[in-house]
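Encoded as structure tokens, the structure appears first; notes follow it.
The values are calculated or read from the model by the stated rules, or taken from the named source; none is laboratory data. All values derive from a computational prediction rather than experimental measurement. Note that each Cβ is placed from the backbone with ideal geometry, even for glycine, and that neighbours are counted across all protein chains shown.
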Amino acid sequence: MIALGILSFLKPTPYMTKIAQHAVSSTMVYHFTPQALNGEEKINGLRYCREKKEWVSDSFPIPSFIYDRCFYSSQLARELSGRVERLKMERECRFLGYGLPNKWMVHQAVSTDPSLAPFFPKTLRLTTSSFLLANLQLQKKWVLKPIQGSQGKGLIKVEASNGHFVAKEVKQPGEQHFTFPSSSLFQQWLHTRMKKTSYIFQPFLSLQNKEGTPFDIRLLLQKDERGEWQERIRVIRTGIPHHITSNLAGGGRMHPYSSLTKSLSSLQKRKLEEDIRKIVTHLPVLLERAFQPLFELGVDLGLDSRQNLWILDINSKPGHKIVTMTAKQNQKEIYEAPSKYCEFLTFSKGNKMGVE
């Protein structure tokens with residue numbers, strides 16, 4: 001019997017329960033938190049009982065395969081992350097995905113590849129406020145992204161106009177506006193942010209529809225039962241009109257991909273399809289070559305008014321709200337994927353050990 005443990009700080013979500021319900025018969029699914037990793041041979045958590053169709057309390061050895069759904073953003077989470085990192089070093093355990101480093105490291109690793117370079121906006125590391133001011137002389141609008149950020153949190157749009165500076169900061173579910181009459185006041189404000197957060201910055205791309213609503217294309221990629229990458233879902237996310245982001249956590253909505261393509265010409269559709277296919281084909285391979293094994297990816301793409309496609313964000317722990325936007329059969333494949341990938345890893349490991 002294969003043991004798959006889902007690791008998260010909170011109780012099992014409906015998505016996690018679906019994974020347990022759809023697990024292949026050879027897999028037993030457990031749930032536990034980082035707090036349970038206390039050095040003992042057995043840990044306390046939950047086991048999904050197929051007969052009762054519910055999670056039940058149990059004590060069990062650390063599962064052989066672990067699906068890490070933790071987000072280490074709070075102080076307590078960061079303190080507990082060391083336990084998880086130590087677990088990753090255990091030879092008896094295999095994480096389905098080992099995550100990605102910060103946005104700057106990811107950008108440096110994949111943005112120079114000839115197949116993907118055209119899809120990445122110019123990206124710089126924010127080292128000093130003066131460096132941003134110098135670039136504001138060259139281009140009037142930039143967006144600052146926290147290096148460790150997700151869901152658009154902490155994103156800042158900066159615009160220079162006639163000696164004044166305007167900043168919009170994402171404070172989900174809304175945005176906070178700041179106006180500075182001088183560069184020195186703007187720098188003082190920015191310094192307070194830079195003390196707590198490291199940023200990259202990029203030219204601000206106008207990624208809005210005709211109604212002024214921000215939108216993006218979200219792709220969900222997963223490995224299948226052969227260990228090969230598959231695109232599972234492709235949806236459009238729209239945000240609040242005249243806001244910066246379209247993240248669902250910030251009040252965004254989901255729409256079928258066809259809501260975008262129906263307004264495009266056949267030539268535009270074909271180019272968009274070719275560009276997305278290039279990204280889906282090359283990006284996961286390059287990421288795993290540069291870093292560690294992955295199981296799934298959320299990729300956010302922007303399409304500007306000139307039909308240029310841009311890679312906006314890459315997330316190794318994507319949300320799964322968009323799963324409901326696809327057909328029932330596709331949903332089933334997504335829910336089955338973790339346990340089937342465990343089977344694949346078990347078989348691969350067996351072959352390496354000379355087991356037929």
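Each row is one residue, and each column tells you yes or no for (1) polar (S, T, N, Q); (2) over 26 Å from Tyr67 (Cβ atoms); (3) in contact with a strand residue (DSSP E or B) (Cβ under 7 Å, 6 or more places away or on another chain).
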| residue | (1), (2), (3) |
| --- | --- |
| Pro214 | no, yes, yes |
| Leu220 | no, no, yes |
| Glu228 | no, no, no |
| Ile233 | no, no, yes |
| Thr245 | yes, yes, yes |
| Gly252 | no, no, yes |
| Ser259 | yes, yes, yes |
| Ser263 | yes, yes, no |
| Gln268 | yes, yes, no |
Assess whether Gly250 counts as being on the phi > 0 side of the Ramachandran plot, out of contact with any helix residue (DSSP H, G or I) (no Cβ under 8 Å at 6 or more places or on another chain) and at pLDDT below 95. no
Checking the condition at pLDDT below 95 and within 26 Å of His107 (Cβ to Cβ), which residue from Arg218, Arg193 passes? Arg193
Filtering region 1-55 down to residues that are charged (D, E, K, R) and crowded, with 18+ Cβ neighbours inside 10 Å, which residue is nearest to the chain's Cα centre (by Cα)? Lys18
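Within region 64-80, take every residue that is farther than 18 Å from Tyr335 by Cβ and either among the small types (Gly, Ala, Ser) or at pLDDT 95 or above (or both) and give me the one that is surrounded by the fewest Cβ atoms within 10 Å (Cβ to Cβ).
Among residues in region 64-80 that are farther than 18 Å from Tyr335 by Cβ and either among the small types (Gly, Ala, Ser) or at pLDDT 95 or above (or both), the one surrounded by the fewest Cβ atoms within 10 Å (Cβ to Cβ) is Ser74.
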Is there a residue in region 294-313 that is in contact (Cβ under 8 Å) with a residue 60 or more places away in the chain and part of a helix (DSSP H, G or I)? no
